[in-house]
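J.: Could you have a look at this structure, given as structure tokens, before my questions?
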Amino acid sequence: MSRSSRTGDAIRVGVLGFGRWGRTWLPVLEAEPDVEVVAVAGGLSGATGPSGASSHPTLRTGVRHVGRWEDALDDLDAVLVTLPVPLHLAAAREAAARGLHVLLEKPAVLARGELAALEDVAARAPGVVMVCQNYRERPWARRVRVELTTLGPLTHVTVEIARRELLDGGRGALAHPLLDDLAIHHVDLLRHLTGQEAEVLAATSSRPPWTSYDGTPDAAALLRLSGGATVAMHGTWAARGRETPYDGDWTFRGERGLVEVRDLAVLRDDQVVAPARAVTPGVHDDTDLADVLRTFLAGIAGVPVLTDVAEHARSLRLLLDLRDATGLPPLGDAT
């Protein structure tokens, strides 16, 4: 019997991948009384936190540290997978085969064959296999969902993402860092906020001459929602001048007016209805990750999770369609 099935025992979690996001997740896990971090896999030096500052967490006494994720799976109830994306499928497959619950960072995989294999893993798994779509938990996203219920039929949606380069974590060598790392949030939010599916009509990508990336960091796309509204998306991860939040700036036009998101503040017909949450410079706000963790724990207790692999697959296939439309070669499968 696993510890997670015995009343009163904390869920014993292993963190597979201890780079930037593994380190970000650690204090979130440690703050949850129903979780005990018992193992981490990955390096303990040379990584940075979300703000770009050096991050060297001290592991609590009794927490095992191993170099290989395969060596961290003993005596666990669940794993958090924050490994490089090409390792996600193998880690999820092995953990699920051992009967462990699995929480995957996004994107879960980056190739269609791997996605089909992950769906099979999730369908066969005795436990929860969930994907972290933490942007859904942001306060602005929750307010937009409410506002859109009174906006009437949508006609137009625009999304703009503009960030300066972030080369760590292997992003500098990605074929398209925006599409291969960040944009999964925005296509997932598009589906989540509108409650509609989408299809890609056209897309293109480009590489500004000043960028430090090896690959192509800019993309523009035209999509259509299942309700008929058109969606214009533009993103750059090599921005100069004003940046948007990673969440992006959004505009929704409908029969009864306009909803906008600017710098995380929500406006209805030019009036602020939900100001941006105040943040302390240099301090990462982990509230959304804590909400994801609580959803994962509820799933372990038997509550259906909304961001399971099947739901993530719908967003990821839309992203892969967008990527294909730019003319980029498909990423290789590691099935």
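J.: Are there trypsin sites (Lys or Arg not before Pro) in the range 265-317 that DSSP marks as loop and that have at most 12 other Cβ atoms within 10 Å, and which are they?
T.: Values: sites: 268, 277, 294, 314, 317; in loops: 277.
Qualifying residues, ordered by number: 277.
J.: On to the next question. Counting other beta carbons within 10 Å of each Cβ, put 205, 212 in order, fewest first. Intermediate values should be presented prior to the final figure.
T.: On the way: 205 22, 212 11.
Final ranking by Cβ density, sparse to dense: 212, 205.
J.: Please check: in the Gaussian network model of the chain (C-alpha springs, under 10 Å), which one of 27, 209, 217 has the largest mean-square fluctuation.
T.: Between 27, 209, 217, it is 209 that shows the largest mean-square fluctuation.
J.: Here's another thing I want to ask about it. How much FRET efficiency would the formula 1/(1 + (r/R0)^6) give for residue 226 and residue 10, where r is the Cβ-Cβ distance and R0 is 56 Å, rounded to 0.05? Write out the running numbers ahead of the final one.
T.: Numbers: r = 43 Å, r/R0 = 0.76.
The formula returns an efficiency of 0.85 here.
J.: A follow-up question, please. In the range 251-329, which GluC sites (Glu not before Pro) fall in coil by DSSP and have 11 or fewer other Cβ atoms within 10 Å?
T.: Working: sites: 255, 260, 311; in loops: 255.
Here the sparse-neighbourhood loop sites are 255.
J.: Rounding to the nearest 20 debye, state how big the charge dipole of the range 136-274 is about its Cα centre with +1 on each Lys and Arg Cβ and -1 on each Asp and Glu Cβ. Display every interim value, and only then the final one.
T.: Details: 17 positive and 20 negative charges, 48 e Å.
My answer is approximately 220 debye.
J.: Determine the dipole magnitude for the chain: charges of +1 sit on the beta-carbon of Lys and Arg, -1 on that of Asp and Glu, nothing else is charged, the reference point is the Cα centre, and the result goes in debye to the nearest 20.
T.: On the way: 35 positive and 44 negative charges, 50 e Å.
Dipole size: approximately 240 debye.
J.: Could you tell me the convex hull volume per residue, in Å³, taken over the Cα atoms of the range 125-216?
T.: Numbers: hull volume 15.7 nm³, N = 92.
Taking the convex hull of the Cα positions in the range 125-216, it is 171 Å³ per residue.
J.: Related question: I need 100, 154, 267 ordered by Cβ neighbour count within 10 Å, fewest first.
T.: On the way: 100 24, 154 20, 267 17.
Result, fewest neighbours first: 267, 154, 100.
J.: Follow-up question, since we're still on this one. For the range 241-279, list residues with backbone N below 20 Å from a point placed 7 Å from the Cα of residue 167 toward its Cβ?
T.: Taking a point 7 Å out along Cα→Cβ of residue 167, the residues of the range 241-279 whose backbone N falls under 20 Å are 241.
Here, each number is a calculation from the coordinates, and none is a lab measurement. None of the values given here were measured: they were computed from a predicted structure. Quick reminder, even Gly has a Cβ in these numbers, built from the backbone with ideal geometry, and neighbours come from all protein chains shown.
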